[in-house]
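Worksheet: one structure, shown below.
Read-outs throughout are calculated quantities, based only on the coordinates presented, and are distinct from any laboratory measurement. These numbers come from a predicted model, not from an experiment. Backbone-built Cβ (ideal geometry, glycine too); neighbour counts: all protein chains shown.
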Amino acid sequence: ETHVTTNRDHYAILFDMAERILGNRTNFYNPPGGFYLWLEVGDGEEVAQRLWQEAAVKTLPGSFMAKPEIESGTNPGQSYIRAAMVDDAATTEDALGRIARVLD
């Protein structure tokens with residue numbers, strides 16, 4: 001179906017853009033599919049707040065998407081943020097640039 005190919009191509013462009021802009025900062029991983037960008041940032045909650053306050057970019061702390069492990073009590077998502085890659089290329093490129101400035 002044409003719309004599937006179109007969407008797949010769109011997300012490939014966005015993730016390639018993310019790799020170009022953020023790739024050296026956050027243990028970047030370009031997934032084979034999906035529309036969420038996971039960035040390792042140290043303290044996901046703190047960085048998500050900074051991104052909202054300093055760059056007007058909404059992300060979700062990775063710890064909000066996981067439960068603490070029973071044995072260790074640590075949350076495997078603690079050091080990540082999740083960003084939805086759902087806008088057009090121009091908006092996404094602008095937001096990725098703002099994320100990069102905050103992370104520098």
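Dividing the mean sequence gap of close Cα pairs (under 8 Å, 6+ apart) by how many residues the chain holds gives a relative contact order of 30 percent. Considering only trypsin sites (Lys or Arg not before Pro) in DSSP loops that have at most 15 other Cβ atoms within 10 Å, the longest stretch of the chain without any of them is 59-104. A simple spin-label model places pseudo-atoms 7 Å from Cα toward Cβ; at Ala90 and Ala12 they are separated by 2.4 nm. Close amide-amide hydrogen proximity is noted between Tyr80 and Val41, Gly44, Gly62, Ser63, each under 5 Å apart and 5 or more residues distant or on a separate chain (H modeled in the peptide plane; Pro and chain starts excluded). The Thr5 and Ile70 beta-carbon pair, evaluated with R₀ = 35 Å, returns a calculated FRET efficiency of approximately 0.25.
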